[in-house]
Amino acid sequence: MSLQPAPDINIPLQSYTGIFLRFLKFGFLAWGGPFAQIAMIRQELVDEEKWISPEKFNRVLSVYQALPGPEAHELCVYFGMLAGGRLGALLAGLGFMLPGFLLMLTLSWFYVSYGISSPLFQSVFTGMQPAVAALIVRAVHRIGSHALHDNVWLWGIACLGAIAQLLRVNFLLTLTTVGLIYALAGRKQKFPAMIITVGFLGCVAFSGLSGNQASPDFPDSAAALTAPASLLTLFWSGLRSGLLTFGGAYTVIPFLQQDAVEVGRWMTDTQFLDGLALSGLLPAPLIIFSTFVGYIGGGTFGAVIITMAIFAPAFAFTMIGHDYLERLINNQAAHAFLDGVTAGVVGLISATALGILSETVMGIHAWIIFSVAVIALFVSKSKWIVAAVVLAAGVYGMIFL
């Protein structure tokens, strides 16, 4: 595939093998979360080798931040597209995700084979769970501070999303509605936006007061597995989650949790948190914990299927037509809709965090781990802080639990 030359693009000749190996290297060095990963990619390809101008990089990053998917992985796909067309994009994306996928697949096998039955590993994972709850609290704050600003509408949408999630309203309905509300508000059509808001609140209240949904019913973390998931179920869960990861990989948590723990019941809440803890130790986008979710639900094939599905949108947006997406994001109505969806996702994560806190932060040791982890995550700027917090919590659990 040939790309149109541009004055702010200067890609040296790259072989397909070279593209794959370069981004494989990025994958092995992808420690510290999305901000560290993006900074690493920018330093080598923009600051040092000048593949594109800094201004071009900022525009590209702003597009991907408005779209679902892990931004660092999408940037790799984008640079692969510039260097080698669609095949280059595919190789770059695969190279970046491959180390994390293989490591998570190995840890998933080890967890199922030894972690469940070993008292030692159970103590480690029990210590890690309050630390994961702290990670989610920090993520809510970080995403919310970027997504909500001082906008009353966005704060209201976040609260609406949280209430709807607590009362078990379908999240697709919630996100579509709140996106429409903010799109209308952004176009100064506040009266229709208020009518839709009031109508949706009425539906939420009716849903909460009818049947057995009067109060939130968080799943029992000690509940036994009922049945493995089908490969089709895992594929659909991964694809839908991949299309809804607005604002960072942490936003996928409520969607996968609902599918795996609450609806499909192929894993427990405790196992879900263990998978999140393990992903915090790996050089990979946090979304790689979906590999663990798929492995619990369907073994190795399940892990492969759900991982392919959840990363598919991150490949597709660039490989199908990045230029069209840039024009779409410049459309104010579309941008407002996405901002509303992101605010709604902040509410969903907040409600999910409440459920996780109620399940994991119980007892003096859990509160100690959670409190220290929250302080460390808010104070430290180190790219190693996530892995350090999770590892330290595991060591504490091994010693005291």
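The values are calculated or read from the model by the stated rules, or taken from the named source; none is laboratory data. It should be emphasised that the depicted structure is a prediction, and the values quoted were computed from it without experimental measurement. Every residue, glycine as well, gets a Cβ built from its backbone with ideal geometry; the counts of neighbours run over all protein chains shown. These area figures cover heavy atoms from the full protein model, side chains too; ligands, DNA and RNA do not enter into them. Shrake-Rupley method; radii C 1.70, N 1.55, O 1.52, S 1.80 Å.
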Just to be sure I understand the filter: pairs with C-beta atoms under 9 Å, separated by 6 or more residues or on different chains, first member in the stretch 165-177 and of a type in the set (K, R), second member open to solvent by less than 50 Å² (accessible area, probe 1.4 Å) and modelled with pLDDT of 80 or more. Which pairs pass? R168/Q258; R168/E262
Is at least one residue of the stretch 324-347 hydroxyl-bearing (S, T, Y) and within 19 Å of D274 (Cα to Cα)? no
Quick one: I368 ticks every box in (1) farther than 25 Å from R142 by Cα; (2) open to solvent by 40 Å² or more (accessible area, probe 1.4 Å) bar one, so which box is it? (1)
Name the single residue, out of those in the stretch 107-134 being crowded, with 17+ Cβ neighbours inside 10 Å and of a type in the set (V, I, T), that is nearest to V390 (Cα to Cα). V132
Taking the stretch 278-305 and the residues there that are modelled with pLDDT under 90 and within 16 Å of W109 (Cβ to Cβ), the one that is most open to solvent (accessible area, probe 1.4 Å) would be L281
Single unsatisfied condition, K381 versus (1) part of a helix (DSSP H, G or I); (2) more than 27 Å from F255 (Cβ to Cβ): (1)
Only listed residue being in contact with a Cys (Cβ under 7 Å, 6 or more places away or on another chain) and either over 22 Å from L338 (Cα atoms) or among the hydroxyl-bearing types (S, T, Y) (or both), chosen from G93, G127: G93
Any residue in the stretch 8-30 that's free of Cβ contacts under 8 Å to residues at least 60 places away in the same chain: show its pairings with residues that are of a type in the set (S, T, N, Q) and in a loop (DSSP other than H, G, I, E, B) at Cβ separation under 7 Å, as long as the two are six or more apart or on different chains. D8/S53
Of the residues that make up the stretch 319-326, is at least one within 19 Å of the chain's Cα centre (by Cα), open to solvent by 30 Å² or more (accessible area, probe 1.4 Å) and at pLDDT 75 or above? no
Taking the stretch 229-256 and keeping only residues that are open to solvent by 10 Å² or more (accessible area, probe 1.4 Å) and either at pLDDT 85 or above or assigned to a helix (DSSP H, G or I) (or both), one is left with A229, S230, L231, L232, T233, F235, W236, L239, R240, L243, A249, Y250
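Yes/no per residue for (1) free of Cβ contacts under 8 Å to residues at least 60 places away in the same chain; (2) over 24 Å from the mean Cα position of the chain (by Cα):
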{"site": "V112", "(1), (2)": "no, no"}
{"site": "Q122", "(1), (2)": "yes, yes"}
{"site": "A139", "(1), (2)": "no, no"}
{"site": "G144", "(1), (2)": "no, no"}
{"site": "I163", "(1), (2)": "no, no"}
{"site": "A185", "(1), (2)": "no, yes"}
Take the residues in the stretch 22-51 that are buried (at least 21 other Cβ atoms within 10 Å of the Cβ) and within 27 Å of A343 (Cβ to Cβ); name whichever of them is modelled with the lowest pLDDT. G33
Name the one entry in G156, G179 that is surrounded by fewer than 21 Cβ atoms within 10 Å (Cβ to Cβ) and of a type outside the set (V, I, T). G156
How many residues does the stretch 52-80 hold that are in contact with a helix residue (DSSP H, G or I) (Cβ under 8 Å, 6 or more places away or on another chain), over 22 Å from R240 (Cα atoms) and either open to solvent by 30 Å² or more (accessible area, probe 1.4 Å) or modelled with pLDDT under 90 (or both)? 8
Tell me, please, whether a residue that is open to solvent by 70 Å² or more (accessible area, probe 1.4 Å) and either closer than 20 Å to W367 by Cα or touching a residue at least 60 places away in the same chain (Cβ under 8 Å) (or both) can be found in the stretch 99-106. yes
